[in-house]
Amino acid sequence: MQLTQQQKFISIVAVVVLVLGVVSIPFILKKVAPKMVVNSLKVWVVGDDKSVYEPIYPKFGLPIELTKKDFKTYERELVDALASGDGPDVFMIHNSWLPKHQSKLAPAPADLLTPFSVQKNFPDVVTTDFVRDGKIYALPLSIDTLALFYDNDVFDRSFLSTPPQTWGELEAVATRLTKRDALGTIIQSGVALGAGDKSVDKASHILPLLMIQKGVVMVRGSGKNYTPSFSSVSGRINENPAVDALNFYLQFSDPLSPHYTWDATQHYSIDAFSYNPTARNKVAMILGYWYQIAVMKGDETKKGKNPNLDFRIAQMPQQDDVNKSQYATYADYWGYAVAKSTKDSKMAWSFVQFLTSKAQAQQYLATTKRPPALRSLVSSYQDDPILSVFANQILIAKSWIQPGASDANPLFSQAIDQVTRGQMSPSEAIQSIRSQLEELFSRITP
C-alpha cells in the first residue's frame with residue numbers, strides 16, 4: 001500500500017521524535033537523578049569503647065565503620081588523615097578546637113539544622129563553642145563541667161554539714177579545715193588551689209573560670225578573626241578583673257595570706273584527695289570534672305586510687321553577691337563534626353543529628369553514666385546524687401573562644417608559676433598570657 005504525502009510526513013516526524021527522545025534520555029536522567037550517596041560512613045571517636053556505640057549505630061540504617069583513637073595522638077592523626085584524603089567522614093572535636101580546625105569542617109545543611117534548634121535543644125555553651133556566623137559545626141552527646149568535690153569524712157569530723165556555695169564561704173571553710181603540725185607545716189589542706197597544673201589538677205581551667213565569673217571578656221571577635229581581650233565586661237578602664245582573679249587564686253598558696261592552705265610539699269591534688277582520711281597531706285576539697293570520679297574511686301572498667309573514698313559533689317562555688325543569671329562553671333567536652341572532605345556531607349550530618357537526638361543520647365548516657373548535653377534530659381537526673389550536679393550545671397556552663405586547649409591551657413599554668421616564683425607581677429603575667437594567645441591565634445589559617 002502506497003503512503004500518502006500526509007502519512008509520509010507523519011512517519012518522518014515520528015521517527016525524528018523517537019530518535020531525539022532516545023538521544024535525550026541520558027541528559028534527562030543525568031539532570032533528574034539523585035546524587036550518589038555513600039555506602040557507609042567512617043567515624044572516629046575518642047574516650048568511650050566501641051561497644052558503647054555498637055547498639056546505637058545499626059539503627060541509623062547505613063553501615064558505620066567505627067574507629068577508636070588514642071587521645072594522646074588523636075589530633076595529630078586526625079589532621080594527617082584529613083590532609084591525605086583518607087580521613088573519617090565524622091569525627092570528634094574538643095570544644096576548644098573550632099577556631100583551629102574550622103577550615104577542615106563542613107557545616108550542617110541549613111535545611112537539616114539551624115542555630116535556633118541548637119539554642120532550643122542544647123545549653124548556651126554549645127552555641128559559643130560550635131556555632132559561627134550562623135553555621136553549626138559540631139554537636140555533643142555529653143557535657144562535663146567543673147564541680148566541687150569534698151571529703152565527707154573530713155567535713156563530718158569538723159561538724160560541717162554543707163559545702164560552701166560561694167568563694168567567700170570556700171575561703172572560710174578551707175581555712176577552718178587546714179591543719180598544721182608543731183613546725184607550721186601543712187598536714188591537711190582545706191582546698192587544693194593556688195598552684196599550677198603540676199600541683200593542682202585543672203589549675204589552667206580554674207583560673208579562666210574565675211576570670212569569667214568576674215566578668216572578664218576573654219576574647220573578642222567573630223568569624224575567624226579573634227583578639228585576646230582580658231578586659232572587663234563593663235568596659236571600665238580602671239577595672240582589671242583578670243588580675244583580680246589571678247590574685248584571688250594565688251592567695252591559697254601564699255604563706256602570708258590568711259587563707260594559705262596549699263604549698264609545693266603537698267601531693268598532687270588528685271592523689272591528696274584520694275588518700276584515706278588519716279593520711280598525711282590530705283586535702284578536703286578539690287575542683288574537678290565528672291570523669292575524674294573513675295580516676296579516684298574507680299568504676300566497672302578500672303581500679304581507682306581509693307575505692308573506699310567517701311566524697312560528695314556540689315555545684316561550683318560562685319562569686320559572692322551575684323544573682324543566678326550570673327552563675328558560671330567551666331565546660332570541657334567533645335562534639336561530633338563532619339569533615340569537609342566527606343563525599344556526602346548531608347548524610348554525615350544526618351548521622352550526627354541522629355546520634356545526638358534524645359533517644360540515642362539516652363541510650364548512650366545510660367551505658368556511660370555521663371552527664372547529658374540536651375536540655376530535655378536534665379530533669380531525668382535530679383534523683384542522682386552525683387550526676388544531678390553535673391546535669392544542672394550544663395545550664396550555667398561557660399567557655400571561651402581559644403586556639404585549642406592543649407595550646408592555651410599551659411599559658412595559664414605557666415603564669416601562675418611565674419608569679420609564685422617572683423618572676424612576674426600578676427599584671428605582667430596577664431599581659432604575657434594575652435600576648436601569647438595573640439601569637440597562637442595568628443597561626444590559625446583562615
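Taking every DSSP bridge with both residues inside the chain, close to 70 percent are antiparallel. For region 271-365, averaging the sequence separation of C-alpha pairs within contact (under 8 Å, six or more residues apart) and dividing by the residue count gives a relative contact order of 15 percent. Using the structure shown, select from Lys50/Lys120; Lys346/Lys398; Lys297/Lys324; Lys343/Lys369; Lys202/Lys305; Lys214/Lys324 the pairs with a Cα to Cα distance greater than 24 angstrom. Beyond 24 Å: Lys50/Lys120; Lys346/Lys398; Lys297/Lys324; Lys343/Lys369. Each eigenvalue of the Cα gyration tensor of region 66-112, multiplied by 5 and square-rooted, gives one semi-axis; in descending order these are 19, 13, 11 Å.
Here the sum of -39500 (n - 2.57) over DSSP H runs of 4 or more residues, divided by the residues of the chain, equals -11500 deg cm²/dmol at 222 nm, to the nearest 500.
The long axis of helix 5-32 is offset from the longest Cα principal axis of the chain by roughly 10 degrees. Using only the alpha-carbon atoms of region 343-444 as identical scatterers, what base-10 log of I(q)/I(0) does the Debye formula give at q = 0.14, 0.20, 0.25 Å⁻¹? At q = 0.14, 0.20, 0.25 Å⁻¹ the computed log10 ratios are -0.81, -0.95, -1.18. The calculated P(r) of the chain, using every Cα pair and 20 Å bins from 0, goes 22, 49, 18, 5, 3, 1, 0 in percent.
Angle of helix 426-442 to the longest C-alpha principal axis of the chain, folded into 0 to 90 degrees and rounded to 10: 10°. The Rg/Rh ratio of region 38-181, with Rg taken over Cα atoms and Rh as the Kirkwood radius over Cα pairs, comes to 1.13. Taken over the alpha carbons of region 160-210 as equal point scatterers, the Debye sum produces base-10 log I(q)/I(0) values at 0.14, 0.19, 0.23 Å⁻¹ of -0.44, -0.77, -0.98.
The ranking of Leu309, Leu287 by Cβ neighbour count inside 10 Å, starting from the fewest, reads Leu309, Leu287.
Here the average projected area of the convex hull drawn through the C-alpha atoms of region 111-257 stands at 12.8 nm². Radius of gyration (Cα atoms) of region 307-371, expressed as a multiple of 2.2 N^0.38 Å: 1.72.
Take every pair of alpha-carbon atoms less than 8 Å apart whose residues are at least six positions apart; their mean separation over the length of region 302-435 yields a relative contact order of 22 percent.
Which of rounded, prolate or oblate describes region 115-186 when judged by the alpha-carbon gyration tensor and an a/c cut-off of 1.5? It is prolate, given that a/c is not under 1.5 and a/b is the larger ratio. The trypsin sites (Lys or Arg not before Pro) of region 359-446 that DSSP puts in a loop, and whose beta carbon has at most 13 other beta carbons within 10 Å, are Arg421, Arg443. The fewest-to-most ranking of Tyr275, Tyr249 by surrounding Cβ atoms within 10 Å reads Tyr275, Tyr249.
Values in this text are rule-based calculations from the coordinates and carry no lab data. These numbers were taken from a predicted model, which means no experiment stands behind them. Positions of Cβ are backbone-derived with ideal geometry, glycine not excepted, and every protein chain shown enters the neighbour counts.
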